[in-house]
Amino acid sequence: MQEQLSISRRQVLKGAGAAALTGAVTLMPTGKAIAARGEAPRWAFIVDLRRCIGCRACTIACKAEFNVPLGAFRAAVYEEVTGTFPNSEKLFLPRLCNHCEGNKDDKVPPCVKECPEYPKDRREFVTADGKKIRYRGGATYKRPDGLILFDNKLCTGCGKCIEACPYGARNFNKLLISGKDSTKNGITKCNFCEHRIAKGVTPSCVNICPGRARFFGDLNDPASEVSKLNKQFGLVEKRNETTLLPGENTVPTCFYIDSQGALSKMAAAKQKFEKNDAILDVI
């Protein structure tokens, strides 16, 4: 799996899509034992690459949910063709905000660390049993449950958080920039559908995925799907093999099930492409 480490920022940024589906709302089961202990959830996202068919329903559902402007995205699917005909293979890599935990030293993700409008006001996160956990808000900030959120009322549009994200998961919100108030800036990115999970509903991309390739839940809840998948595949333990760009040391909470070697195949194809590109440059 070492080849996976070579997947570049440019690769994880690529993505486009067109496919629309509709589906019933799916509720997330909650762990009563976890709620009773007054712990904040530890939200995690898992993508099963064995099931992704590249339909881009996730991208369209996300755009519909948030009115994402043209040229920007919160969820995207990168694709790579590997091998040679007739033994070629098309592989897909869904990409979204990784809601990073931050490095071991300060537990602050790079996007939050670089935001000049953080920290700001003091806020409270209330657990299921009513316990209050205090934290600091900002234009970009990390909540006690691990969500990396943003507040465009405080955003100056400097773009430092966009530059700091190694996953290309942030974009300028062009609807704000080109709106009635032309001086207003802002960003857009995946927030794990915070407004939906607050009501116990799965994120829109998870709900609509026709192949059930996407999973969302609480790692602190042993009964959740993500905890069971983590136990089965050792996703947290093998983080260097199950997350993107582990060398960036951001500690993502978005994991990939990749028992078929899709990530390493895409990395190998990327290396071959760059090598051929270099030869053409010389010629």
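The values are calculated or read from the model by the stated rules, or taken from the named source; none is laboratory data. Since the model is a prediction, treat every value here as computed from it, not as a measurement. Reconstructed Cβ throughout: ideal geometry from the backbone, glycine too, with neighbour counts over all protein chains shown.
Condition check: of a type in the set (Lys, Arg), surrounded by fewer than 19 Cβ atoms within 10 Å (Cβ to Cβ) and either in contact with a Phe, Trp or Tyr (Cβ under 8 Å, 6 or more places away or on another chain) or touching a residue at least 12 places away in the same chain (Cβ under 8 Å) (or both). Does LYS174 satisfy that?
Yes, satisfied.
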For this session: Tell me, yes or no, whether region 113-131 has at least one residue that is under 17 Å from VAL251 (Cβ atoms), touching a residue at least 24 places away in the same chain (Cβ under 8 Å) and surrounded by 12 or more Cβ atoms within 10 Å (Cβ to Cβ).
Result: yes
For this session: Would you confirm whether any residue within region 96-111 is of a type in the set (A, V, I, L, M), within 20 Å of ALA40 (Cα to Cα) and touching a strand residue (DSSP E or B) at 6+ places or on another chain (Cβ under 6 Å)?
Result: no
For this session: Kindly state which helices (runs of 4 or more DSSP H) lie completely within region 1-119 and contain at least 1 residues that are modelled with pLDDT under 80 and within 20 Å of LEU229 (Cβ to Cβ).
Result: 32-36
Seminar exercise, completed: Within region 39-76, residues aliphatic (A, V, I, L, M) and farther than 19 Å from ILE162 by Cα come out as ALA40, ALA44, ILE46, VAL47, LEU49, ILE53, ALA57, ILE60, ALA61, ALA64
Exercise. Pick from region 238-251 the residues that are of a type outside the set (Gly, Ala, Ser), in contact (Cβ under 8 Å) with a residue 60 or more places away in the chain and within 17 Å of MET266 (Cβ to Cβ): which of them is surrounded by the fewest Cβ atoms within 10 Å (Cβ to Cβ)?
Worked result: ASN240
Exercise. Is region 125-133 home to any residue that is at positive phi, modelled with pLDDT under 95 and not in a strand (DSSP E or B)?
Worked result: yes
